[in-house]
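In what follows, a structure is listed as structure tokens, so that the remarks can point back to it.
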Amino acid sequence: MTRHLENSLFAILLGFALCIISAGATTADTVSFSNGSSKRIWVAVFYHRPGCDISNFQSQGWWELAPGQTAIVYSGEHRTWFYYYAENEVGEQYTDTRNFACVPRRAFTWCTSICNSDPDTRNLGFRELYIGGTRDYTLNLIR
């Protein structure tokens with residue numbers, strides 16, 4: 001009888017501990033890009049991030065995607081709008097004539113109001129990407 005009580009008490013405590021652990025865990029939303037083309041692609045994104053200087057937008061890049069490769073470019077609090085620019089190895093662009101952001105040719109993470117006279121910085125048009133309530137979104141780039 002005592003052994004049964006010990007096992008029951010252990011099971012209750014274990015269940016309680018697991019509830020506490022899982023209550024503290026949060027799942028992050030993700031946005032990914034997949035390269036569905038036969039050419040290497042580089043991707044940059046920007047999205048609303050309050051407090052990111054006066055612009056309230058953060059931009060990041062570059063993710064290099066080989067053909068068939070997928071990369072998570074954002075993981076965090078849910079957002080419904082993203083903006084992206086991509087370019088492949090032969091210069092074909094996934095661009096837009098609105099939503100411009102200054103970005104360098106090297107890897108970066110910065111607020112979008114940063115733009116300088118460095119010849120390595122380009123002002124590029126980013127496409128809008130509305131993901132609505134989707135929690136984990138993947139955009140397949142093909143060309």
Handout entry: Residues within the stretch 41-97 that are touching a residue at least 60 places away in the same chain (Cβ under 8 Å) and of a type in the set (Phe, Trp, Tyr), tallied
Key = 1
Practice task
Select from the stretch 69-106 the residues that are part of a strand (DSSP E or B) and of a type in the set (S, T, N, Q) and write down the one among them that is farthest from Asn35 (Cα to Cα).
Solution key: Ser75
Handout entry: Filtered residues of the stretch 30-72 (kept if surrounded by fewer than 20 Cβ atoms within 10 Å (Cβ to Cβ), among the aliphatic types (A, V, I, L, M) and closer than 15 Å to Thr112 by Cβ)
Key = Ile54
Exercise for the section: Tell me, yes or no, whether the stretch 83-101 has at least one residue that is of a type in the set (A, V, I, L, M), out of contact with any Ser or Thr (no Cβ under 9 Å at 6 or more places or on another chain) and exposed (fewer than 13 other Cβ atoms within 10 Å of the Cβ). Expected result: yes
Problem - Residue list for the stretch 110-127, filter: within 19 Å of the chain's Cα centre (by Cα) and closer than 15 Å to Trp42 by Cβ - result: Leu124, Phe126, Arg127
Fill in the blank from the handout: Those residues of the stretch 107-133 which are assigned to a loop (DSSP other than H, G, I, E, B) and either closer than 20 Å to Ile54 by Cα or touching a residue at least 40 places away in the same chain (Cβ under 8 Å) (or both) amount to Ala107, Thr112, Ser113, Ile114, Cys115, Asn116, Ser117, Phe126, Ile131, Gly132, Gly133
Practice task
Residues being among the hydrophobic types (A, V, I, L, M, F, W, C) and at pLDDT below 95: count how many of those fall in the stretch 85-106.
Solution key: 4
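The values are calculated or read from the model by the stated rules, or taken from the named source; none is laboratory data. Worth saying up front: this structure is predicted, and the values here are computed from it rather than measured. Backbone-built Cβ (ideal geometry, glycine too); neighbour counts: all protein chains shown.
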